[in-house]
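One structure is given here, and the rest of the page talks about it.
Values quoted throughout were computed directly from the atomic coordinates according to the rules given, and no laboratory measurement underlies them. Predicted model, so just to flag it, every value in this text is computed and none were measured. Note that we place each Cβ from the backbone using ideal geometry, even for glycine, and neighbour counts take in every protein chain shown.
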Amino acid sequence: MTILGIETSCDETSAAVVRDGEVLSNIIASQLFHEKYGGVVPELASRAHMKLIVQIVNEALDKAGIKKEELNGVAATHGPGLIGSILIGLNFGKAFAYGLGIPFVGVNHMEAHLFSNFLTTPENQPEFPFICLTVSGGHTQLIYVRKPFDYLMLGQTRDDAAGEAFDKVAKMLGIGYPGGPEIDRLARQGNPRYVKFPRPYLEEGSYDFSFSGLKTAVLYYLRDHGLLRDSRLDFPRGSTKVGHSELIGSLLADLCASFQVAVVDVLVEKTIRAAEQYKVKHIGVAGGVSANSELRRRMKEAGQKTGFRIHFPKMEYCTDNGAMIAYVGWLKLRAGVSPSPDEVTAVANLQLT
Ligand code: KG4
Ligand code: ZN
């Protein structure tokens, strides 16, 4: 079964071809122009998807070496995400499938992240049941995955998502958007014990997350050390952020490392605890923040200590991509899940469970 997968839920326009679970192509166009606005501008994102979608789908088919007539189905993200962005990929996918007379399935973007750990050889895939920590720019979720389509949500963020906290702290530090990769890079030269930022574990036994207090702790640190001219977080761009020139060299690296380790400590502790409680053997980590080198290192270290087998997606499948959408589309079509009317509607806050 050969499936075309389309992803346009945020600022990546991506299309991929997956044949029986194996990725034949995965083309991703990142909309870098949002950087100058310090975050994704929804209207501009959907317009860019519109301009790019035909070319990206054609490239995905070419790279896979197949003609559109060889496709057996089309899958596209139908939520969660930015409504205007989702609509472009979803409507393109529906029309494309209709024109070819093949089935169309809508895919939940968070479910697709969860399966990005399956875009590898069978012996490297997680075994069911497993615990999945999905950490992206919009979500932070700890999930007990019994089997495909059968999930128990153990915890979610109560405020900012992990990736969002990375992005907002990066913005305060004046190091660009998206901030996650840049904090990751700078933190490698920094001292993670330079500042002891709070670890938000919440009430005992909770699998929920909260990162807004940590973000504020970074802000207060900057303010108290005279590194901010204004304590408002939502400042007009350029007016209050700390520039590289003010926060140079090792201090910037130390702050990045100290913030990053606080996030990673919480993510690792809760994930391992969930795996112990639910008695699984495998743990998967997914979403954009799963590209973080410190999270990868610490989860692997925890896996060696506890005996859990830890899975991370290949780097190209950590952030948004069409391959994970095509993969879940393939699972659904193979399982004979007939597309429901709900799947052909864009849902900005689509839930996993
Ligand atoms: O999954 P994703 O591509 O999009 C959403 O579904 O939200 O995740 C994007 C998020 C951004 O917040 C970005 O800063 C973060 O993933 N990210 C990272 C790293 N690479 C991407 N965060 C920390 N370290 C990284 N290396
Ligand atoms: Zn995503």
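Using the membrane-span-like helix rule (whole DSSP H runs, Cα extent along the own axis of at least 27 Å, mean Kyte-Doolittle hydropathy at least -1.0), which helices of the chain qualify? Once both thresholds are applied, what remains is 42-64, 249-277. With both labels modelled 7 Å from their Cα along Cα-to-Cβ, the R188 to Q55 distance reads 3.1 nm. Cβ-Cβ distance of R297 and R199, R₀ of 25 Å, FRET efficiency by 1/(1 + (r/R0)^6): the value works out to about 0.90. Using C-alpha pairs below 8 Å separated by at least 6 residues, the relative contact order for the range 131-234 is 22 percent.
Each Cα pair under 8 Å and six or more residues apart adds its sequence gap; the mean of these over the residue count of the range 122-312 is a relative contact order of 29 percent.
Here the contact order of the chain, divided by its residue count and restricted to Cα pairs under 8 Å and six or more residues apart, works out to 26 percent. Counting only Cβ charges, +1 for Lys and Arg and -1 for Asp and Glu, the dipole size of the chain around its Cα centre is about 500 debye. In order along the range 31-37, the phi-based Karplus estimate (6.51 cos²θ - 1.76 cosθ + 1.60, θ = phi - 60°) of 3J(HN,Hα) comes to 8, 6, 5, 5, 3, 5, 9 Hz; Gly and Pro are listed as x.
Which residue, chosen from A335, A262, G93, occupies the Cα position most advanced towards the positive end of the dipole of the chain, where the dipole is computed from +1 (Lys, Arg) and -1 (Asp, Glu) charges on Cβ about the Cα centre? Among A335, A262, G93, the one farthest towards the positive end of the dipole of the chain is A262.
With the highest mean first, a sort of the peptides 6-15, 202-211, 181-190 on other beta-carbon atoms found within 10 angstrom per residue produces 6-15, 181-190, 202-211. From helices alone, the chain scores -12500 deg cm²/dmol at 222 nm; the rule is -39500 (n - 2.57) for each run of n ≥ 4 DSSP H residues, then divide by the residue total.
Stretched out straight at 0.36 nm per residue, the stretch from I83 to Q351 would grow longer than its current Cα-Cα span by 95.0 nm.
Backbone geometry of the range 198-209 corresponds, through the Karplus equation with coefficients 6.51, -1.76 and 1.60 at θ = phi - 60°, to 3J(HN,Hα) couplings of x, 9, x, 8, 6, 5, 4, x, 6, 9, 6, 10 Hz, x marking Gly and Pro.
Measuring between their Cα centroids, the range 1-72 and the range 75-145 lie 13 Å from each other.
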